[in-house]
1. Inside region A:120-147, can you point out the residues that are among the aliphatic types (A, V, I, L, M), without any contact (Cβ under 8 Å) to a residue 24 or more places away in the chain and within 19 Å of A:LEU181 (Cα to Cα)?
2. Answer yes or no as to whether B:LEU71 is more than 7 Å from chain A (Cβ to nearest Cβ), surrounded by fewer than 19 Cβ atoms within 10 Å (Cβ to Cβ) and farther than 28 Å from A:THR128 by Cβ.
3. Let me confirm something: among A:PHE285, A:PHE239, which residue is assigned by TED's automatic domain parsing to the domain that holds A:ARG90, at pLDDT 90 or above and within 16 Å of the chain's Cα centre (by Cα)?
4. From the set of residues in region B:121-138 that are without any contact (Cβ under 8 Å) to a residue 40 or more places away in the chain and surrounded by fewer than 17 Cβ atoms within 10 Å (Cβ to Cβ), which is farthest from the other protein chains (Cβ to nearest Cβ)?
5. For region B:27-48: of the residues being within 20 Å of B:ALA265 (Cβ to Cβ) and without any contact (Cβ under 8 Å) to a residue 12 or more places away in the chain, which is surrounded by the fewest Cβ atoms within 10 Å (Cβ to Cβ)?
6. Exactly one condition in (1) touching a Leu at 6+ places or on another chain (Cβ under 8 Å); (2) at pLDDT below 90 is false for A:PHE40; which is it?
7. Do you know which of the residues in region A:38-71 that are under 27 Å from the mean Cα position of the chain (by Cα) and small (Gly, Ala, Ser) is nearest to B:THR117 (Cα to Cα)?
8. So which of A:PHE44, A:PHE59, A:PHE40 is more than 8 Å from chain B (Cβ to nearest Cβ) and aromatic (Phe, Trp, Tyr)?
Amino acid sequence: MELSTTKTVKKTVPIRWGEKRRIFRNNLDMYMLLVPGLLFLVIFKYVPMYGIIIAFQDFNIFDGIMGSAWVGMENFIKLTHSDEFRQVFRNTLLISVYKIVLLFPLPILIALLLNEARRMWFKRTVQTIIYLPHFLSWVIISGLFVNILATSGGIVNQIITSLGGEPISFLLSNDWFRSVLVFTAGWKETGWNAIIFIAAIAGIDQDQYESAAMDGASRLQQMWYITIPGIMTTIVLIFILRIGGLLDAGTEQILTMYNPVVYETSDVIGTYVYRIGLGKMDYSFSTAVGLFNSVIGFILVISGNKLSKRYTGRSIW
Amino acid sequence: MIKKRFGDRVLDIVVYFMLALFAASTLLPFANVFAKSVSAEWAVISGKVGLLPVDFQLDTMKFVVTSSPFLKSLTVSVTITIVGTILCMLLTAVTAYPLSKRHLPGIGFILLLFVFTMLFSGGMIPNYLLIRQLGLMDSLWSLILPALVGVFNLLVIKSYYENLPESLEEAAKLEGAGNLRILFSIIFPLSGPVLATISLFYAVYFWNDFIGPMLYINTPALKPLQLYLRDIVMDADTVQMGINRSVDDMMNITPEGIRAATVIASTVPILLVYPYLQKYFIKGVLIGSVKG
């Protein structure tokens with residue numbers, strides 16, 4: 001009985017293994033090509049993931065991960081009770097939601113407008129201009145806006161005062177700072193984000209327009225009944241992707257623009273992690289905040305992708 | 001059908017007007033800041049500069065682009081961008097090849113290991129601690145090594161390889177060529193467009209990287225342009241900048257003008273390569289969106 005079982009095992013499993021090993025050995029040089037990439041992946045991606053365990057420690061840089069004391073969920077309990085964190089979380093959601101609500105429709109509008117503009121030179125020129133800010137760093141964009149929004153000598157405030165208003169210190173005002181963030185984010189990326197919709201419009205079957213025109217549909221009607229439905233899957237897909245990034249309210253942007261006066265309204269999870277971790281050297285708590293962020297982000301992206309698969313039949317991977 | 005309808009003509013006007021408005025709102029901030037950077041001191045101070053330069057001068061610009069911290073940080077940025085892009089391209093283009101052979105055992109799993117890092121990462125502090133542990137603080141390698149393989153870029157190149165005709169590889173194999181040989185003498189030459197696109201992705205990443213230097217670089221001499229620019233914009237310590245300058249040089253110069261000129265000078269390198277960027281980036285974005 002025993003003998004026969006081992007025999008059958010030998011017959012099935014080892015043969016598959018042998019086949020795989022043969023392929024592996026024949027392509028050894030192919031696998032060798034993976035070594036540097038895997039080395040990179042382990043050191044710079046997976047080792048930091050292992051480093052996350054300091055979120056469950058009272059980490060001390062001199063004792064290292066091995067020598068630091070374990071504290072279990074203490075950092076997460078601290079996090080849920082922290083008023084500061086609650087404020088930061090609120091800021092993150094608010095800024096993100098403002099950006100989505102106000103900025104998401106703009107690239108679609110730009111794509112529709114560009115589709116209606118028939119003069120090629122005009123279209124090209126507009127596209128060349130509006131794609132440009134995408135390639136500039138946030139530091140440069142901040143530099144530009146710090147300049148034009150300055151209270152003394154900034155052109156925006158000059159216009160305000162010449163119209164009889166009081167100068168507004170946009171970058172030092174908790175009432176204004178979020179609006180500045182939303183506006184500059186739109187200014188930088190709207191043109192670029194239109195590309196995906198322009199491509200989607202280009203993919204619509206042209207015959208539909210011809211027959212609609214024959215039936216006497218105006219261009220506005222064609223836009224409404226052909227173009228918009230034609231790019232609807234793309235719109236839904238991009239929207240879901242955007243929701244997946246909900247917790248990234250623009251860390252790099254805010255880091256280059258904000259200052260302690262406006263922390264109250266603009267400190268978001270990403271900037272908070274930086275301030276607590278590297279400013280106050282509270283590595284463990286900061287990592288706990290980061291982990292909280294990554295886990296929710298992960299869930300959002302995965303569920304977004306599921307949704308997208310179900311409703312549009314397209315997914316990110 | 002030749003005669004345009006009234007409604008369509010109104011639509012035309014609205015379309016051209018709105019697009020022009022949008023393009024203008026993109027250009028105006030640049031125009032204003034550029035005008036400031038080349039206008040005379042009195043005009044900048046009294047707030048007379050709008051969209052056109054007033055009493056044109058190049059002193060501020062000259063002062064900014066010849067100041068040694070600017071030139072140093074420019075050199076640092078150029079170095080990182082060139083070295084970083086070359087290393088990234090080598091590693092990414094090579095790694096993508098075995099990953100494009102999905103039929104090989106284990107490849108699917110390794111691919112999953114890469115993709116997972118797109119969705120989940122250690123985060124800022126564990127990365128920072130790793131760089132410290134590796135002794136890379138205040139080294140330019142701290143900016144290059146953690147970025148060597150961008151997974152998105154890897155996937156774009158991989159899917160390009162997958163779409164190459166297999167017959168060429170098979171023919172080479174019959175001649176007895178090894179996989180490495182095939183990669184370098186057949187696959188790479190056929191992948192020119194995608195490799196060019198991804199190189200630009202990496203180059204722009206390195207050029208614009210700000211968070212990396214902010215976390216890992218403290219030595220002033222090693223600060224890339226973005227970090228230097230931030231220092232200038234946030235608190236222009238112009239007195240210190242001008243400390244070795246003669247009074248003559250300072251004649252036309254205001255802190256505001258210096259800030260404006262530094263912003264403009266940092267924008268120029270991107271403007272110079274912009275035609276290529278625009279062309280290849282759009283291709284790359286579309287490849288990535290069709291098959292991610």
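1. Once the filter is applied, which keeps residues that are among the aliphatic types (A, V, I, L, M), without any contact (Cβ under 8 Å) to a residue 24 or more places away in the chain and within 19 Å of A:LEU181 (Cα to Cα), region A:120-147 yields A:ILE140, A:LEU144.
2. Working: more than 7 Å from chain A (Cβ to nearest Cβ): yes; surrounded by fewer than 19 Cβ atoms within 10 Å (Cβ to Cβ): yes; farther than 28 Å from A:THR128 by Cβ: yes.
When the stated conditions are applied, B:LEU71 passes them.
3. Details: A:PHE285 fails: within 16 Å of the chain's Cα centre (by Cα).
Testing whether each residue is assigned by TED's automatic domain parsing to the domain that holds A:ARG90, at pLDDT 90 or above and within 16 Å of the chain's Cα centre (by Cα) leaves just A:PHE239.
4. The qualifying residue farthest from the other protein chains (Cβ to nearest Cβ) is B:GLY135.
5. First pass over region B:27-48, keeping only residues within 20 Å of B:ALA265 (Cβ to Cβ): B:27-41, B:43-44.
Those still in the list that are without any contact (Cβ under 8 Å) to a residue 12 or more places away in the chain too: B:27, B:29.
Details: B:LEU27: 15, B:PRO29: 21.
For region B:27-48, the residue satisfying everything is B:LEU27.
6. (2)
7. Filtering first and then ranking leaves A:GLY51.
8. A:PHE59
The values are calculated or read from the model by the stated rules, or taken from the named source; none is laboratory data. Quick caveat, the model's predicted, so the values are computed rather than measured. Ideal geometry is used to build each Cβ from the backbone, glycine not excepted, and the neighbour counts take in all protein chains shown.
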